Amino acid sequence: MANYATLLRDHVTLKCRCIDRIFLQAYVPKLQSVGQVCKFLRWQRGFKIPSSAAFGKIGEAYVKAIHSFAEKEQIPVIQFKKGENKEEKVRPYMEAAAREGKDRVVFIGIAQERASAWRSWPAKGQEKRAHPHMEWGRQMAFVNHFYFYIWDADWGATFWKTNAYAPYPIWLWLNGHEWAKRQLEKSGIGYEALDNGFLSCQDPVQLQKICDRLGPGAVKNYFWRWLNRLPSPFTPADMRAGYVYDLAFRQLEVSETCVFDRPQAGRMWFEGVIRDHLDVGRPQQVALFFDRSLRWNTPGTFRTRVVTRGVNPILHCYYKSSRIKQYFKQGKALRTETVICDTRDFGIGRRVCSENWSALIKVGQTANRRLCDAESADAQPAPDVATFTEVTRPSTTKDGLYAPGLRFGDVRVMAVLAALVGFCNVIVGFRNAEIVKRIAALLEKAPYTSRQATYDLRRLKRKGLIEKIPHSHRYQLTDRGRRVAVMFTKTYGRILAPGLTALDPRLPDDVAANNPVAIAWRRLDQTLDQFIESRLVA
């Protein structure tokens, strides 16, 4: 049976790296502080007393403008019910708009949701004054949000969400794969669509070039085009005075899709990955995927989990508020997605600009690639006989230092190597105390001390399986050490130990009856006994 590294190499018909979902927030920089709010109401809009009531009047006018716009353009307006699936409600309208292929708002939905809004109240002791001094603050409130579902010639199905409460935020949802499909159609390049992706393409090279071309310019072009077409709480005079929107990242998904030539190859790949990574090591893989240092005081969640729905498993790896998701899409393609929910997790700004965009794409593509590389590395062939001999027998280093052998099957050696597998993907390395804790848990009854760990680390280093990180007390696995540790652990845990158990003559008959190896061995044992007895009699 082919390993999953071979499956990715020989059974993939299309590879495509592309930005997937893009979730942005538009905000007005000049309405983010109390002073700015009061200045807007007093000097820009002419209200004598800056207060929530003034914003209420602006909001009421905005809501009227939305309903007038809907009536003029004959756009359906529907109040979403609590818990209702918005996508399913809108799908028929979007499909009709796609067949028409014309830029337009196809649907407006209204839903009551929580939002942060500016609120004012009379200062303490001024409640009864005719013109009280007002205190201001941002408060959470349940308010009506307006969902503009838009069919765009460049982006396909999108939505634009806003509300009528200051500071009048806007949320945008776009999809990079849908943008790429529109560009292929304009170029006359044929393709077969996969749900939120591509199954095949007449020109894969040009497809990748188009995906790589997507940048912040296309996003901003979409935003400003529709800002000028949709109702706005701001007047042209407001915008000339500098009350304009800027864009910030709320979520960005960077994906890599590998389409298999047949569903069986994809299922074989996933079964191999899940089998090998559930019982060997269980490392905190996010340290490798996101290339960030993890310390004891690093905030956030770092974990890996596998979710099985039906027959298609999903692999999730978490780093702070971001994550990697890997799954078998529609039984045809491997989808690996890095979902960045907070750009500051990686020291990148939230503002949508070329510099931040490029930095986020690099993070996402690097994370996807390193995940697949780490999975494929575990499927590489085992070390050769010369390496096996050098590792298991005593040897000397180039400096003439004695390196004791690591005997395969020795309880302590196997525990050390099994513990090392847990650090395969941690780029910050490990300390003596960390390896002691893992080995002690594996040895259970036998004690394991820091002094023993020092001895084991020394021979691992002299065998070239680990190396010391300069100017630190940490160690890191070498490429050779990773291969040896994985090979020893897999062979011992999956072949030797289960095999010897199956060959044990004390194995109960009811258990042996269900084990093909035990059945075959007992038949061989009986046949040998009969042969020996027949020869003795003769």
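For Cα Rg over 2.2 N^0.38 Å, computed directly from the structure shown, the correct entry in (1) 0.98; (2) 1.07; (3) 1.31 is (3). Which entries in the list Lys209/Lys329; Lys398/Lys468; Lys102/Lys186; Lys15/Lys102; Lys15/Lys490 go over 21 Å, if you measure between the two C-alpha atoms of each? Flagged as over cut-off: Lys209/Lys329; Lys15/Lys102; Lys15/Lys490. Amide H contacts under 5 Å for Cys201: Glu192, restricted to partners 5 or more places along the chain or on a different chain, H placed in the peptide plane at 1.01 Å from N. When +1 charges are put on Lys and Arg Cβ atoms and -1 charges on Asp and Glu Cβ atoms, the dipole computed for the chain relative to its Cα centre reaches about 2060 debye. Amide H contacts for Glu135 (H built 1.01 Å from N in the peptide plane; partners 5 or more residues away or on another chain; cut-off under 5 Å): Trp121, Ala123. Angle between the Cα long axis of helix 354-377 and the longest principal axis of the chain, 0 to 90 degrees, nearest 10? Relative to the chain, helix 354-377 is tipped by roughly 20 degrees. Placing unit charges on the Cβ atoms of the charged side chains and taking the dipole of the chain about its Cα centre, the candidate lying farthest along the positive direction among Tyr27, Thr158, Ala512 is Tyr27. Each of Leu227, Leu524 has its accessible area taken with a 1.4 Å probe; listed largest first, they run Leu524, Leu227.
Protein heavy-atom surface of the chain, 1.4 angstrom probe: 52% of the accessible area is carbon and sulfur, with nucleic acids and ligands not counted. Once the Cβ-Cβ distance of Ala96 and Asn514 is raised to the sixth power relative to R0 = 60 Å, the FRET efficiency obtained is 0.55. Working note: Karplus 6.51/-1.76/1.60 with θ = phi - 60° gives segment 249-261 the couplings 6, 10, 7, 9, 10, 10, 10, 9, 10, 10, 8, 7, 6 Hz, where Gly and Pro are set to x. Taking 4.7 Å between beta carbons as the limit, the unpaired Cys residues of the chain are Cys16, Cys38, Cys201, Cys258, Cys317, Cys341, Cys353, Cys372, Cys424.
Ranking Gln139, Val205, Thr501 by Cα position along the charge dipole of the chain, where only Lys, Arg, Asp and Glu carry charges on their C-beta atoms, puts Gln139 farthest toward the positive end. Using a simple spin-label model with pseudo-atoms 7 Å out from Cα toward Cβ, Asp399 and Val537 lie 6.9 nm apart. Each label point was placed 7 Å from the Cα along the Cα-to-Cβ direction; for Ile49 and Arg225 their separation is 4.6 nm.
A probe of 1.4 angstrom, applied to the heavy atoms of all protein chains, finds Glu100 with accessible area near 100 square angstrom.
Ala415: net charge of surrounding residues, Cβ under 10 Å, Lys/Arg +1, Asp/Glu -1, itself excluded? Combined, the nearby Lys, Arg, Asp and Glu give -1. A cut-off of 5 Å between modelled amide H atoms, ignoring neighbours fewer than 5 places along the same chain, links Ile314 with Val307, Thr308, Arg309.
The simple spin-label model puts a point 7 Å past each Cα toward its Cβ; for Lys362 and Lys82 those points are separated by 4.8 nm. When the helices of the chain are scored as -39500 (n - 2.57) per DSSP H run of n ≥ 4 and the total is divided over every residue, the value at 222 nm lands at -12500 deg cm²/dmol. Rolling a 1.4 angstrom probe over the protein heavy atoms with all chains in place gives segment 79-198 an accessible area of 50 Å² per residue.
The values are calculated or read from the model by the stated rules, or taken from the named source; none is laboratory data. Model, not experiment: these values are computed from the prediction. Here Cβ is always computed from backbone atoms with ideal geometry, including for glycine, and neighbour counts include all displayed protein chains. When the accessible area is computed, the model is the full protein with side chains, heavy atoms only, and any ligands, DNA or RNA have been set aside. Shrake-Rupley method; radii C 1.70, N 1.55, O 1.52, S 1.80 Å.
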